[in-house]
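> So that we are looking at the same thing, I have put the structure below in structure tokens.
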6 protein chains.
Amino acid sequence: MTTNMMAEMTWVEYQRRVKTGPLMVLLPLGALEQHGHHLPMGTDHLLPLAICKAIAERIPAVVAPPVAYGYKSQPRMGGGNHFPGTTSLDGSTLTAIVRDVIREFARHGVRRVAVVNGHCENAFFAIEGIELALRELRAAGINDLKVVRLDYWEFTTAATLDRCFPQGFPGYALEHAAVLETSMGLQVFPELVRMDCLVDDPAAVFPPYDVHPARQEWVPPSGVLSPAKGATREKGRVLFDEYVERIADALSKEIEEAQR
Amino acid sequence: MTTNMMAEMTWVEYQRRVKTGPLMVLLPLGALEQHGHHLPMGTDHLLPLAICKAIAERIPAVVAPPVAYGYKSQPRMGGGNHFPGTTSLDGSTLTAIVRDVIREFARHGVRRVAVVNGHCENAFFAIEGIELALRELRAAGINDLKVVRLDYWEFTTAATLDRCFPQGFPGYALEHAAVLETSMGLQVFPELVRMDCLVDDPAAVFPPYDVHPARQEWVPPSGVLSPAKGATREKGRVLFDEYVERIADALSKEIEEAQR
Amino acid sequence: MTTNMMAEMTWVEYQRRVKTGPLMVLLPLGALEQHGHHLPMGTDHLLPLAICKAIAERIPAVVAPPVAYGYKSQPRMGGGNHFPGTTSLDGSTLTAIVRDVIREFARHGVRRVAVVNGHCENAFFAIEGIELALRELRAAGINDLKVVRLDYWEFTTAATLDRCFPQGFPGYALEHAAVLETSMGLQVFPELVRMDCLVDDPAAVFPPYDVHPARQEWVPPSGVLSPAKGATREKGRVLFDEYVERIADALSKEIEEAQR
Amino acid sequence: MTTNMMAEMTWVEYQRRVKTGPLMVLLPLGALEQHGHHLPMGTDHLLPLAICKAIAERIPAVVAPPVAYGYKSQPRMGGGNHFPGTTSLDGSTLTAIVRDVIREFARHGVRRVAVVNGHCENAFFAIEGIELALRELRAAGINDLKVVRLDYWEFTTAATLDRCFPQGFPGYALEHAAVLETSMGLQVFPELVRMDCLVDDPAAVFPPYDVHPARQEWVPPSGVLSPAKGATREKGRVLFDEYVERIADALSKEIEEAQR
Amino acid sequence: MTTNMMAEMTWVEYQRRVKTGPLMVLLPLGALEQHGHHLPMGTDHLLPLAICKAIAERIPAVVAPPVAYGYKSQPRMGGGNHFPGTTSLDGSTLTAIVRDVIREFARHGVRRVAVVNGHCENAFFAIEGIELALRELRAAGINDLKVVRLDYWEFTTAATLDRCFPQGFPGYALEHAAVLETSMGLQVFPELVRMDCLVDDPAAVFPPYDVHPARQEWVPPSGVLSPAKGATREKGRVLFDEYVERIADALSKEIEEAQR
Amino acid sequence: MTTNMMAEMTWVEYQRRVKTGPLMVLLPLGALEQHGHHLPMGTDHLLPLAICKAIAERIPAVVAPPVAYGYKSQPRMGGGNHFPGTTSLDGSTLTAIVRDVIREFARHGVRRVAVVNGHCENAFFAIEGIELALRELRAAGINDLKVVRLDYWEFTTAATLDRCFPQGFPGYALEHAAVLETSMGLQVFPELVRMDCLVDDPAAVFPPYDVHPARQEWVPPSGVLSPAKGATREKGRVLFDEYVERIADALSKEIEEAQR
């Protein structure tokens, strides 16, 4: 049986992969968060997990179990943490998870890690986890670990944005449970997308600041920040393929560095 | 589409489940840990996840995404944390995860949670996470949350132990990657069990104390603490069914309490 | 003597302000961070401090001492934390500062706080500090504190951007030590801007991901991410006035809410 | 433009200072704390900041931005933390700030730091921050960082005490917002001292123990622990000059050690 | 005067012991916890302290002051943390104590430490403390520290169990304040055992899971988990001697390793 | 058997004491720290423990197990933390212990606690522990807990100081392992005082600042900060009796407050 999923490998298989070449461990980061009436709450970890799996078919990489809980949803990018079902971690918890598992990958002999993020709010706590891991590893005498961190949607090309948003792109912030994620969902986990439940709320309009506790009246009741009705599986396929290809290329370059 | 997996549900579906009845959230806790040459490293989270899924078919419950990383493997129960692939969290990290997600379930309106553990070393850090969540929730005025915590193997009946171990049961501690887990694996994820890779090490013999850093020479090189060769899918089925039935019964009783 | 700076007030004067009306405490958040060869390292706290001072002349507000140290500089928005002089806090430290001082403002009787951020990397750690403060305060029975959090540059109007960037706006991320901050500096602390030291590096070009430790070769040696040579005091005045006016308006509205 | 204030320097200027000689970074620690009806709440950070500035004119030193929030005011030395306006940090927060910034100064290449404290309650949390920084730095292979820590008032000579207190010195603990600090304030920030608001409370009398929560009735309502009416600018000048001269001498000696 | 108790030694005597041979520091871990109507609340730290003292007469070892407070009592092993008098630490606190003192012993030059535990619930938090200390020490360049960790009751031989429990051993979990601990108490601190207060509750019967907050009705009101009436001083003497001898042998072997 | 030591009481006895009257729990705080060639390293916890025991004979109080490890020894008050044998905690650890046990005493129904400190360096970390406990308890709805905190030596009368120091009192800071502590030791644990090992070092002379890491050359090699040769058991008796009487009086007054 061959698999690139760490959880499905025996330690012997994993060790062989680590020893026989520059291997990258991919760590998908996500969330359990409301995604409107039509997308599953796991969207933010299911998408980067699928991307990582596909990447690992192209480059020498294994996929660690995803971190399925993320940092607290923010109104202007995820609708806010007041929705039932949204299940979030304190920032220090997420940071600690990322720090701990990277420390362990390094102990295994791994020298290339990619943290592939699918939930915007995770970014800085993941960065801190990486920084703390690197600080500890330097103290332990390990100086050659490289960690790539990325938000998968940053790999969208302008051409694809144009294609997906013929009437203009509203920006990533409002793309929560909207065209991009819904299209991706139709491609990656079509059985979990309830297109019949799509709510036709207008796009949310936020002032340029936050109020805590969240002003729930600013957020569309559905939790969808801009209309998803333009979503199609075809768009999802284009996006998914683009992410896989472009991220794989980037990571590939970073793995090669290890060999010099 | 009906599902009991939180990650596959929309927030609307989940909210409905929470509102319409006493609902229990099941949180599978596991590890990413060496399990010999024949079992996948995800064994400790894949098994409780499968048990939870089956339980949720029988009682009003939903299954939260599993915590796939656990506390550091100890030689006398898991072979030790020095194996490549074993990817562990600091105790405070695991405690924080459990605390955070329980705090969130309570915010959703859930009043019954079960932490279903598949990795022995997790137990006390999970307990602390539960205790810290309850302390915080009391401060927030929530006094009626009940959290069940269990290690699934404690539900094995004496009769089943006799059946699985005709020559006598070596004790749970040595059952790492051995007859119980291997049989369960053959039932739950047969495609991930490499019976052809089974190493025929004798049972490990430990003195009644630990040494840190681990005395690696005390641990069988395979990581298997007692022979797994008696494992069969049939035993796995019996064990799995027993766990599902008996744990479901216990949780059912705890859910009913909520209705009084 | 009248002053709106908390550090310059006696406790009696402050108490009077708190008691006699809905008062907002403004907390400037910044950094001590390289800002090229021409801007002082305090830029990120000096600018929000100046904005807060001017706001406090227009609305009922006092200005708390700025947090002069911020979260670790990131290559794609601040050049990276490897520069000498950049003096950063761990994420948990910044979170703790924000949490602690908000908790204290609430104890004083303040019910409106605005965290006015001048350093992009601070945002999420400040959010977490606010969230943790609110959680603690709820446990202490204080449920009516509202905290506004903002990044001052998000208040720039499209018209002003057009005016400042006749050849097109490169985006806020690359605006580190560039036209916006330099123009603002010329307005706010002209004596600290060394226009003669301006380095004419081309704009930085980053791939859509991070590598940790930072790839220093991706960052212009000067630390300036896009050319600052279009900066003028006139632009700075326009920007500054716009920020003061628009933020004051927003905060004013939030203060009024307290009176209903 | 020449300045010794880190926040006003560019990174290039700072780097030059670090590289061209043994340079000491001065970190003023203070508080935002009630200081009676006549002194500003920033007294405890404004005074050490002024002292540091003057020291940096005499010895090769730069002044880092002051830490303007301190540890919780204690009744017997600062009147207690129950006063409105007093804005304090948890001990762990203050410790973390000191640890983090020292760690950064060391990264810059600095090998001499002085923590100049103006708020009695800060002392031990600053000590712990220094100790934690040194522990981390040793792990990172940096063994030659020296950190001086001082409370500026400990540099008062007996002669000056006699001069300032012709009727006998009541002890530093009761000198909160009293003769020493008020005199210093008249010298350093005369425009912020409201001598007309001076309350003529008798000196506080405390039993030799604390009660938590603070017995507010033990503390003079003004927050002044002993009469300030003997304060004069002349005394302030003498004190200030003495502190600057004697501390500069001490630090100078410590800097020289670096050159051997 | 000769003593093996660190608290009774001068630093000079201790230093001599450390320098002149392989010395082991014994750290007794216990609790302050209800032990029924007849045993003192200090039982869990008094017993390992007595064992350590006796061991130190046989092998080159000194005894550090016991940690008299332990982790929260669990119903199934200690009756639960709801009893008055039971005074427990958070898990992270216990971990930090163990980490800190081991770090210090290592600084003294000690290379063999034994953590001798008398309270079941402490085990994993002590393990984490040891692991964190070792991680820090490795970063500090100390790689040869060995820490033994043991629960004293694991050294009971089958023969002694037979002798103490002629009607069969109920298992260690239920042995809280029961035959083993009471017999040991009669041997070690007879003046503190109130045999006349012995409550004749039947053995507790627990389901194979925990509920948090504790189901107090599951726990015998006395706090004794199984009958103690079979306890005798004679049994206590046998147990105590066996623990001392067998643990001393084990530790002796570990000390010898240091000399190779 | 009657005892006031919590560790020697059963939970039933303790509960009776808590229920039948205003009861104070005394928590002795100390250290394991070098005390010259003649005093045991436990001096700082043995002395407050003895004082607490004697106080509990006079007022309604029980004595909790002492905290035998304290905060890091500082050169100017304890000789510094570089001595072998000195075994110190991080500040956050000591704070956590104090917080945790006070939280537990409050759960027991206790409403008066006294933290009796015997190690100068502990003071502020104990204060923080008390403050954090009170904050948590307030959140839990407990508002009437009072915690006294004291350093026993602050109860020395001027008359006794004159008697003990006919040639003038050098100040408490230098009284480490000197006349006061040695005299007290001769009274409280004469068998542990090695008067024949007394080193006749002159008093230490420190500059008015600290250097970290400690300048070991500033500290007398014996660790004694001023000559102990004037110590006598007679002085120790006077001091001890005075502390017991005066502290008992103070605590008694605080207990009475509870009854109003």
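> Quick one: residue E:214 ticks every box in (1) under 30 Å from residue B:151 (Cα atoms); (2) in contact with a Leu (Cβ under 9 Å, 6 or more places away or on another chain) except a single one, so which number is it?
All conditions pass for residue E:214, except number (2).
> Could you go through segment C:3-21 and let me know if any residue there is under 19 Å from residue D:46 (Cβ atoms), open to solvent by 20 Å² or more (accessible area, probe 1.4 Å) and more than 10 Å from chain D (Cβ to nearest Cβ).
Yes: segment C:3-21 contains one or more residues that are under 19 Å from residue D:46 (Cβ atoms), open to solvent by 20 Å² or more (accessible area, probe 1.4 Å) and more than 10 Å from chain D (Cβ to nearest Cβ).
> Step by step: first the residues of segment B:199-239, then only those that are within 14 Å of chain E (Cβ to nearest Cβ) and of a type in the set (Asp, Glu), then the one that is farthest from residue B:34 (Cα to Cα). Which residue is that?
Step by step, filter segment B:199-239, then rank; the result is B:210.
> On to the next question. Which of the residues that make up segment C:47-66 are open to solvent by 10 Å² or more (accessible area, probe 1.4 Å) and either modelled with pLDDT under 95 or among the aliphatic types (A, V, I, L, M) (or both)?
C:49, C:50, C:54, C:59
> Of B:117, B:143, which residue is within 12 Å of chain E (Cβ to nearest Cβ), among the polar types (S, T, N, Q) and surrounded by fewer than 20 Cβ atoms within 10 Å (Cβ to Cβ)?
When all the criteria are applied, what remains is B:143.
> Considering each residue of segment F:173-190, count those that are surrounded by fewer than 16 Cβ atoms within 10 Å (Cβ to Cβ) and within 22 Å of residue F:73 (Cα to Cα), and give that number.
Going through segment F:173-190, the residues surrounded by fewer than 16 Cβ atoms within 10 Å (Cβ to Cβ) turn out to be F:173, F:190.
In the following step, the residues that additionally are within 22 Å of residue F:73 (Cα to Cα) were identified as F:173.
Count: 1.
> Determine, yes or no, whether residue C:43 is crowded, with 24+ Cβ neighbours inside 10 Å and either facing chain D (nearest Cβ under 7 Å) or among the polar types (S, T, N, Q) (or both).
Criteria met by residue C:43.
> I would also like to ask the following. Given (1) at the interface with chain E (Cβ under 7 Å from one of its Cβ atoms); (2) open to solvent by less than 10 Å² (accessible area, probe 1.4 Å); (3) in contact (Cβ under 8 Å) with a residue 24 or more places away in the chain; (4) within 21 Å of residue E:68 (Cβ to Cβ), identify the lone condition not met by residue F:34.
(4)
> From the set of residues in segment B:57-114 that are under 27 Å from residue B:222 (Cα atoms), in a helix (DSSP H, G or I) and touching a strand residue (DSSP E or B) at 6+ places or on another chain (Cβ under 8 Å), which is nearest to the other protein chains (Cβ to nearest Cβ)? Break it down into steps so the answer makes sense when it comes.
Filtering segment B:57-114 for residues under 27 Å from residue B:222 (Cα atoms) gives B:66-91, B:94.
Those left that are additionally in a helix (DSSP H, G or I): B:75-78, B:91, B:94.
Adding the requirement that they be touching a strand residue (DSSP E or B) at 6+ places or on another chain (Cβ under 8 Å) leaves B:75-76, B:91, B:94.
Numbers: B:75: 11, B:76: 10, B:91: 4, B:94: 9 Å.
Of everything passing the filter in segment B:57-114, B:91 is nearest to the other protein chains (Cβ to nearest Cβ).
> So, residue C:235, is that one surrounded by fewer than 16 Cβ atoms within 10 Å (Cβ to Cβ) and either among the hydroxyl-bearing types (Ser, Thr, Tyr) or at negative phi (or both) or not?
On the way: surrounded by fewer than 16 Cβ atoms within 10 Å (Cβ to Cβ): no; either among the hydroxyl-bearing types (Ser, Thr, Tyr) or at negative phi (or both): yes.
Spelling it out, it is not the case that residue C:235 is surrounded by fewer than 16 Cβ atoms within 10 Å (Cβ to Cβ) and either among the hydroxyl-bearing types (Ser, Thr, Tyr) or at negative phi (or both).
The rows are residues; the columns are (1) of a type outside the set (Gly, Ala, Ser); (2) within 21 Å of residue E:82 (Cα to Cα).
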site	(1), (2)
E:182	yes, no
E:189	yes, no
E:214	no, yes
E:220	yes, yes
E:226	no, yes
E:230	no, no
E:237	yes, no
E:251	yes, no
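Condition check ((1) at pLDDT 95 or above; (2) closer than 15 Å to residue A:208 by Cβ; (3) buried (at least 23 other Cβ atoms within 10 Å of the Cβ)) across all residues:
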position: C:108; (1), (2), (3): yes, no, no
position: C:111; (1), (2), (3): yes, no, no
position: C:124; (1), (2), (3): yes, no, yes
position: C:147; (1), (2), (3): yes, no, yes
position: C:151; (1), (2), (3): yes, yes, no
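> Same structure again: Which pairs turn up if I take residues in segment B:155-169 that are closer than 21 Å to residue B:117 by Cβ and open to solvent by less than 30 Å² (accessible area, probe 1.4 Å) and look for partners that are of a type in the set (D, E, K, R) and modelled with pLDDT of 95 or more with beta carbon separation below 8 Å, at least 6 apart in sequence or on another chain?
Every condition considered, the pairs that remain are B:155/B:242; B:155/B:246; B:156/B:242; B:160/B:242; B:164/B:235.
> Listed residues B:94, B:132; which is modelled with pLDDT of 95 or more and open to solvent by less than 10 Å² (accessible area, probe 1.4 Å)? If you could, list the steps in order and put the result at the bottom.
Working: B:132 fails: open to solvent by less than 10 Å² (accessible area, probe 1.4 Å).
Answer to the selection: B:94.
> Would you say residue F:193 is open to solvent by 40 Å² or more (accessible area, probe 1.4 Å) and more than 7 Å from every other protein chain (Cβ to nearest Cβ)? Steps first, answer last, please.
Working: open to solvent by 40 Å² or more (accessible area, probe 1.4 Å): no; more than 7 Å from every other protein chain (Cβ to nearest Cβ): yes.
Judged against the criteria, residue F:193 is not a match.
The values are calculated or read from the model by the stated rules, or taken from the named source; none is laboratory data. What you see is a predicted model, and the numbers here were worked out from it, not measured in a lab. Note that each Cβ is placed from the backbone with ideal geometry, even for glycine, and that neighbours are counted across all protein chains shown. With ligands, DNA and RNA removed, areas are computed over all heavy atoms of the protein, side chains included. Shrake-Rupley method; radii C 1.70, N 1.55, O 1.52, S 1.80 Å.
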